[in-house]
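Every number in this text was worked out from the coordinates using simple rules, so none of it is lab data. Please read all numbers here as calculations on a predicted model, not as lab measurements. All Cβ positions, even for glycine, are placed from backbone atoms using ideal geometry, and neighbour counts span all protein chains on display.
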Amino acid sequence: MSQDDGDTSTSRRVGASDEGADPAMGAGAGAGQVLADTKMVALDIVVPLYNEERSVESFHQNLMRVTTPLAFDVMIYYVNDGSTDATATILGKIAGADGRVVVIELSRNFGHQAALSAGLDVTKGDVVITIDGDGQHPPELIPEMLRLFENGYDVVLTQRNDVRQPAFLKRSTSAVFYWLLSRVSDTNIIPGCADYRLLSRGVVASLKEMPEYHRFLRGMVAWLGYRTVILPYSEQPRIAGRSKYSLKKMIGLAMDAVFSFSLVPLRLGIALGACFLLLALFEVVYVLWYWLRGEQQLLVPGWSSLMFMILLAGGTTMVVTGFIGIYVGYIFQEVKHRPVYVVKSLRGPGSRRDEGAPGPEA
Ligand code: UDP
Ligand code: MG
C-alpha cells in the first residue's frame, strides 16, 4: 500500500509552529486515518544491535515505556548483527518475556546498513520505524513521528540539532562528508540525518525493490522521494559502551555513499585528463613559436620540467584508473547478486506474523 500522493519532492522541517497536529485523527485524510478506521495500525520497530549487551535491556525498557500507551499494534524487531558478546542471550530473554519482540540473528557481522535492511525486509506493518539500539536516538520522538505519519507523511526523517552531541570529531567529519556528498550527488541527502526514521509501508516496499549490495539507506530513502518531513532531535548520550562504527566502517559507508550515488569521481578523471591535454597543446605551441622564429637553439631541454610533466601525467592517469577501478569493483560486487545479509535464525511469536515465518527475499 502506497501513500504516495504524487508529491514526491516535498521535504519539510517540523518547526515550533507546526500546524495540523491532530493526534485523534479527526479531520484530514491522513495516511494512518484510513487504516485506523478499519483496523489497528500495525507499527514495526527495527533495531540493529552489534555488541550492545550493556545497553539493550534499558533500551528495551525505554522503548516499551514509550510505545505501550500508543494506539498501535506494536512489534519490535531486534536484528542481532553478529554480536560476539551476550547480546543474543539478553535478546532471547527479552523475546521470551514479551510476545511483541522478534529477534533476527544474522550469521555474522554484516554492518549497520545490512542489519537495518534485514529488519526492514521482515516487517509487515503499515508503518516502520528504524532506531539505533545504543540509546542515542530518543524513543520519545516516536509519538511525534507517528503523528506526522497520520498527517499524511510517508517518510519522517530525524536530524541531529544538538551542538554538544556527538563528539567534535564525529560532528566535523560528518559535516565535511555531507558537504562533499551534496557537491557530487544529484540526490538531495540531508546533513546530520540519522538512520532513525519512519517509513510507510509503501516506502519499505519500494526499498525492497532496490536490491543493491552497497546500501546507503539515507541516500536510498532520499532517492525514492515520497512525501517527506524532517524532525529535529537532540542526540542522547549512549546508554553504555562506545561507537560500533570503526574508522574502517565509517570510511566504507562514506565510500558507499559517494560511489553509489555519484558519477562525479569518474567525470573528475576526464576533467583532469583534459587539463593535461590542454597543457600539452600549449607546450607544442610554445615550442613551435621558437622554431618559427628560428630560435630553437634557445630551447634547453629541461630535465626537471620533463620529469615534472611525466610525473604529473602519470599521477593523473593513475588517479583516473583508480576511480575506474573502484567503479569496476562496485559493478563486480553488484553483478554477483550476493544477498546483503544472511539470516541464521528468527525467533519470536509475533501476533500478526503467525501466518508463516517471514524471511528475507534475497
Ligand atoms: N550496529 C550494527 N552493526 C554494526 C555496527 C553498528 O548493527 O556493524 C548497530 C549498533 O549496535 C547501533 C547502531 O547500529 O545500534 C548504530 O551504531 P553506533 O551507535 O555504534 O553508531 P554511531 O552512533 O557511532 O554512529
Ligand atoms: Mg549510536
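Worth pointing out:
- Ranked by how many other Cβ atoms sit within 10 Å of their own Cβ, fewest first, the residues 337, 137, 60, 214 fall in the order 337, 214, 60, 137.
- Extended-chain gain in nm, criterion 0.36 nm per residue less alpha-carbon gap, residue 210 and residue 312: 32.7 nm
- q = 0.09, 0.10, 0.12 Å⁻¹: log10 I(q)/I(0) that the Debye formula gives for the range 124-252, counting C-alpha atoms only: -0.26, -0.33, -0.48
- Simple label model, 7 Å out from Cα along Cβ direction - residue 61 to residue 236, nm: 1.2
- For the range 197-288: rounded, prolate or oblate by the Cα gyration tensor [a/c cutoff 1.5]: prolate
- When you count the other C-beta atoms within 10 angstrom of each residue and take the mean per peptide, 167-175, 231-239 line up highest first as 231-239, 167-175.
- Among the listed pairs 170/249; 124/244; 170/244, those with a Cα-Cα distance over 18 Å are 124/244.
- Approximate spin-label separation residue 266-residue 347, in nm, with each point projected 7 Å along Cα-to-Cβ: 4.7
- Extension gain, residue 68 back to residue 245 (0.36 nm per residue minus Cα-Cα distance, nm): 60.7 nm
- Segments 311-322, 257-268 sorted - mean Cβ within 10 Å per residue, highest first: 257-268, 311-322
- Calculated on the Cα set of the range 264-335, radius of gyration then Dmax: 17.6, 60 Å.
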